[in-house]
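First up is the structure itself, then whatever we jot down about it.
The values are calculated or read from the model by the stated rules, or taken from the named source; none is laboratory data. Just so you know, these numbers come straight off a predicted model, no measurement behind them. As a convention, Cβ positions derive from the backbone with ideal geometry for all residues, glycine included, and neighbour counts pool all protein chains shown. Heavy atoms of the whole protein, side chains included, go into the accessibility calculation; ligands, DNA and RNA do not. Shrake-Rupley method; radii C 1.70, N 1.55, O 1.52, S 1.80 Å.
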Amino acid sequence: MHPAFSVIVFTTASGAGYGLLALAGLLFALGVLPPQRGFGLCVLGLGTILVTGGLLASTSHLGRPERAWRAITQVRTSWLSREAVAALLAYIPIAIFGIGWVMLGRADRPVLIAALATPVLAVVTVHCTAMIYRSLKPVHQWCNGHVVPVYHVLAVLTGALLLNALLHLWGGQSQLVALIAILAAALGAALKARYWRFVDTTRAASTPETATGLSGMGKVRLLEPPHTGSNYLMREMGFHVARRHAVKLRRIVQIAAFAIPLALLILASLAPPIPAVFAAVIAAVSGLAGTLVERRLFFAEAKHSVTLYYGADAA
Amino acid sequence: MTSYTPPAEGTRKLGLVIDLDTCVGCHACAVNCKEWNTSGHSAPLTDLAPYSRDASGVWFNRVHAFEAGSGEDSRTVHFPRSCLHCEEPACVSVCPTGASYKRAEDGIVLVNADTCIGCKLCSWACPYGAREFDEEDGVMKKCTLCVDKIYNENLPEEDRVPACVSTCPANARHFGDLGDPDSSVSRMVAERGGVELMPELGYKPVNRYLPPRPKKTGCGSGKSAALEPAFDPAAMHPALRWLDRILTR
Ligand code: SF4
Ligand code: SF4
C-alpha cells in the first residue's frame with residue numbers, strides 16, 4: 001500500500017497524543033504528576049496539539065475535506081466513522097480536565113472524573129484507528145490479530161516517552177512513568193518481532209488463481225496488463241518496497257523505537273539531572289522517529305489483493 | 001445508507017456473467033463503458049494528462065490478459081475486470097459517510113458523488129480493484145452497471161443492458177438477474193460451472209466468470225488424417241495435362 005505521508009504522520013502523532021493524554025489523566029488522578037498548572041499546560045497542550053494536528057493531517061488526504069463532517073454518520077458499520085466520533089468525544093473530558101487543571105488549578109471530583117475518562121476515550125480512539133486496518137480483508141499484512149496490540153503499545157510507548165521527557169524538563173522525575181515506557185518498549189519490540197514473523201511465514205489466502213477463478217487450469221501469470229501507463233490502483237495499492245530495504249528498515253524500527261529509548265531511560269534514571277534530561281528527550285525523539293518508520297513500513301509492506309491482477313504472484 | 005439488510009432469498013441480484021472462453025480481449029467493453037459512463041450517473045470519467053506519456057484516468061472496466069497452465073496445455077485468457085456488485089460489499093460497510101450504498105431493489109452498488117468525501121477507504125476494502133478515485137472531482141467512482149441505461153425507457157427494449165454487454169462483439173458478456181435461478185444468466189452459470197472470484201474473502205460477488213472450455217487437441221476426428229494431394233498431374237486427362245504444361249510456362 002502506498003505510504004501516504006499524511007496518514008503516517010496522522011497515526012503517529014495522534015497515537016502519541018492519545019498516549020500522552022491518557023497517561024496524564026491516569027497519573028494525575030493517582031496524584032503522581034507535579035500538580036503545577038504550568039506543567040499541566042505543557043502536557044495537555046502538547047497532547048492536544050498532537051491529536052488535533054494528526055486529525056487535521058488526516059483530513060488533508062481527503063478528496064473533499066469540506067465535507068469531512070459527514071464522516072461521523074456511519075458508526076454502525078464503519079470503523080473510520082467510529083474513529084471520528086471517538087476522537088471528537090474525547091475532546092470533552094480533555095477539555096474539562098484541561099480547564100480544571102490548567103485554568104482553575106483544581107483537582108476535585110469533576111476534574112478527576114474527566115481525568116479518568118480521558119484514558120478511556122483515548123484507548124477507544126486508538127482502537128478504532130487500528131481496527132480500520134485490521135478489518136480490511138484484502139490486505140493480509142493488516143487483517144490479522146497482531147495489528148491492534150501494536151497500535152495500542154506504540155501509543156502508550158510514545159505517550160510515556162513524551163511524558164517522561166516533559167517531566168525531566170520540568171525538573172521532576174517519575175519512576176512510574178519511566179517504568180511504563182520501559183515495559184512498553186520491551187513489549188513493543190516483542191510484538192513487532194512477532195508481527196514480522198507472521199508476515200514472513202504466512203501467505204494471503206488469495207492467489208492469482210483464485211483472483212481469476214482459473215485454479216483448474218494450473219498456474220496463472222499476467223501476460224498483458226490492461227494499460228501501458230499507471231493508474232490509481234497501481235499508485236495507491238501497488239507500492240513496492242525492496243526486500244533489502246525492508247530488512248534494514250525493520251532493524252531501524254527495533255533500534256530507534258525500542259532499543260534506544262529503553263537504554264536511555266535506564267540511563268536517565270541513574271544519571272545526574274542534566275544528562276538525564278538529555279537522555280529523556282533523546283529517548284522521546286528516537287521513539288517517535290522509530291514509530292514513523294514503523295508506520296511507513298506497515299504501509300509499504302502491506303500488499304493488496306488487487307496487485308494479483310497486476311502481476312504479483314502472491315499478496 | 002452504509003448499513004444494508006442482506007437481500008432476502010428471491011430478490012433481484014443484477015449482475016454480469018463473463019465468458020472467458022469467448023472473450024477475445026478486444027477492449028471494446030472497456031471503451032464503450034468509458035464512452036457511456038463519462039456522461040452518465042458518475043460522470044465524468046476524468047482523464048489526467050490525456051495526451052501525454054503518463055496519461056491516466058478513471059475506468060470502470062479493465063481488460064487483463066493472463067496465461068494459465070504451462071507448456072503445451074497453457075492458454076491465454078483475456079480477463080475483463082469490473083465491480084462484481086458483491087452481496088457482502090465491505091466497500092459499502094467501511095464507508096464513513098454513507099456515500100457508498102447497495103440498492104435493496106436490485107443489488108447494484110453505487111457511490112453518491114454529492115456526499116463522498118474521497119477518503120478512499122472503500123477502494124482499500126474492495127479486493128477486486130473495482131473502485132477508482134477521481135483526482136479532479138475528489139470523489140470515488142465505480143461501475144454503475146449502467147443504472148442509467150438498463151432502466152432507460154427512452155431506449156429500445158433490447159438496448160437496456162449495460163454498455164459493455166451491448167458492445168461485446170464476441171458475445172462474451174451477459175447481463176441478467178442472478179437471484180433468479182431460472183434466468184438465462186443463472187442457467188448459463190449452472191451449465192458452464194461459472195465461478196466466483198476470490199470466494200475465500202467472503203464478499204459473495206454476484207458476477208460470475210465462465211471458465212474456458214477444455215482445449216481441443218488434434219483436428220477433432222481422432223485419427224491423424226493426411227491431406228488429399230491437392231494436385232496430381234499424373235491423374236489428369238492428357239489434354240488437360242498438355243494445357244497445364246502450356247500454362248505453367
Ligand atoms: S467488487 Fe468491489 S466495489 Fe464492487 S461491490 Fe464488490 S467490493 Fe464493492
Ligand atoms: S471514498 Fe467516498 S464512497 Fe469511498 S469510503 Fe470514502 S466517503 Fe465512502
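Structure values in brief
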| item | result |
| --- | --- |
| Neighbour net charge for residue A:99 - beta-carbon separation under 12 angstrom, K R +1, D E -1 | +2 |
| Cβ-derived FRET efficiency at R0 60 Å, residue A:103 paired with residue B:65, nearest 0.05 | 0.35 |
| Total charge dipole magnitude, the protein assembly as shown, about the Cα centre, Cβ charges on Lys, Arg, Asp, Glu only, Debye to nearest 20 | 1600 debye |
| Buried on assembly, segment B:42-69 (at least 40 Å² less accessible surface than by itself, 1.4 Å probe) | B:56, B:62, B:64, B:65, B:66, B:67, B:68, B:69 |
| Top of B:158, B:87, B:35 by mean-square fluctuation, Gaussian network on chain B, Cα under 10 Å | B:158 |
| Packing-based ranking, highest mean first, of B:194-203, A:156-165, A:128-137, B:67-76 given that Cβ atoms within 10 Å are counted | A:156-165, A:128-137, B:194-203, B:67-76 |
| Sequence ranges A:104-117, A:6-19, A:213-226, B:12-25, ranked by mean other-Cβ count within 10 angstrom, highest first | A:6-19, B:12-25, A:213-226, A:104-117 |
| 24 Å Cα-Cα reach of residue A:192 towards lysines, excluding residues that sit fewer than 8 places from it in its own chain | A:137, A:248, A:303 |
| Test item: Cα-centred dipole of segment A:18-161, Lys/Arg +1 and Asp/Glu -1 on Cβ, debye | 320 debye |
| Estimated [θ] at 222 nm from DSSP helical runs (n ≥ 4, -39500 (n - 2.57)) normalised by residues in chain B, nearest 500 | -5000 deg cm²/dmol |
| Mean Cα-pair separation over length for chain B, i.e. relative contact order, pairs under 8 Å, 6 or more apart, % | 26 percent |
| CD proxy at 222 nm, helix term only [per DSSP H run n ≥ 4: -39500 (n - 2.57); per residue of chain A; nearest 500] | -22000 deg cm²/dmol |
| Cα centre as origin, Lys/Arg/Asp/Glu Cβ charges: chain B dipole, Debye | 840 debye |
| Per residue accessible area in Å² of chain B, where ligands, DNA and RNA are left out and the probe is 1.4 Å | 49 Å² |
| Chains A and B, summed buried accessible surface - 1.4 Å probe, Å², nearest 100 | 4700 Å² |
| Peptide B:154-162, shielding by other chains (average Cβ, 10 Å cutoff) | 0 |
| Which of B:24, B:111, B:49, positive extreme of dipole for segment B:14-210 (C-beta unit charges) | B:49 |
| Percent RCO, i.e. relative contact order, over chain A, from Cα pairs under 8 Å lying at least 6 residues apart | 25 percent |
| Using a Förster distance of 45 Å, the FRET efficiency for residue B:54-residue B:217 (Cβ separation, nearest 0.05) | 0.55 |
| Sulfur and carbon atoms: percent of accessible area, segment B:14-210 [1.4 Å] | 48 percent |
| Helix A:175-201 axis, angle to chain A major axis (alpha carbon atoms, nearest 10°) | 0 degrees |
| Taking segment B:132-182 and dividing mean pair separation by its residue count, relative contact order in percent (alpha carbons under 8 Å, at least six apart) | 20 percent |
| Rounded, prolate or oblate (a/c below 1.5 giving rounded, otherwise prolate when a/b exceeds b/c) for segment B:14-210 by Cα gyration tensor | rounded |
